[in-house]
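Below is one structure, written out as structure tokens; comments come after it.
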Amino acid sequence: MANKITLNDAETIVLYGDSITEQNLYAAFIETFLISRFPRKNLRIYNFGWGGDTAPGGNGRYSRDVAPVKPTLVFTNFGMNDGCYCEFTPEIYNRHIDGQKALAQSIRSGGARHVFLTTCPVDYDRRDDGDLYNDSLAKQAGGTRKLSDELNIPVVYIFTPMRELQKGIKSRHPGFTMIPDSVHPDPVGHLVMAYSC
């Protein structure tokens, strides 16, 4: 994480992203932790994940879906769909980074603080293209990290720790997965994501 995230006594927190957020697992883990850890704080927590969404799409629906709840802190997790499930290209990468940048501006314009979450990896054993898409996602995650430095926005770097954990366990237990359909983490995967935050 680039910077420590401070929770004020009252916060309206939004978890915003694609179908991985919409699964409401890492989001529920984070919510449970915050409410149980800080019972005296006034915390309202919303999940606005949307299946199939991308960073540009998230920016496009921000004023409709997120702005009305007047968030004070927004966690964004986009990237899985942004890479188009194919080999890396500069055009796809630039569209993702430009979408992240535009969304960051929308969040800032509304007066909320912002935290980037990088996407999680895919399970390379469950894909016909093996680790190819992870190479593309790794570049996007690196781009999000650079963008966090450029815009002075904290980032939670989920991609590499989750990918390395997955590889380490698979080296001892080849049938292991925490991403059964290769894209959407199961509760174990979501727990890793939440723990990273």
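Overview of values
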quantity	calculated
Proximal charge balance of Tyr157 [Cβ under 14 Å; K/R count +1, D/E count -1]	+2
Nitroxide proxy distance, nm - points 7 Å out along Cα→Cβ at Tyr195 and Thr89	3.8 nm
Inter-site label distance for Asp128 and Ala10 at 7 Å from Cα along Cβ, in nm	5.4 nm
Among the listed pairs Lys41/Lys146; Lys70/Lys146; Lys4/Lys41; Lys4/Lys146, those beyond 21 Å (Cα-Cα)	Lys41/Lys146; Lys70/Lys146
Cα-derived Rg over Rh, computed across the chain with Rh taken as Kirkwood radius	0.96
Separation of alpha-carbon centers, segment 92-148 and segment 19-84, rounded to whole Å	15 Å
Spin-label model distance (nm) - Ala28 vs Lys101, 7 Å beyond Cα toward Cβ	3.8 nm
Total formal charge among the other residues, if their Cβ is under 12 angstrom from that of Thr6, Lys/Arg +1 and Asp/Glu -1	+1
Around Pro56: net Lys/Arg minus Asp/Glu count, Cβ-Cβ under 15 Å	-2
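Each reported figure results from applying straightforward, stated rules to the coordinates on display, with no laboratory input. As the structure is a prediction and not an experimental result, all values here were calculated from the model. Neighbour counts are summed over all protein chains in view; Cβ atoms, including those assigned to glycine, are modelled from backbone coordinates with ideal geometry.
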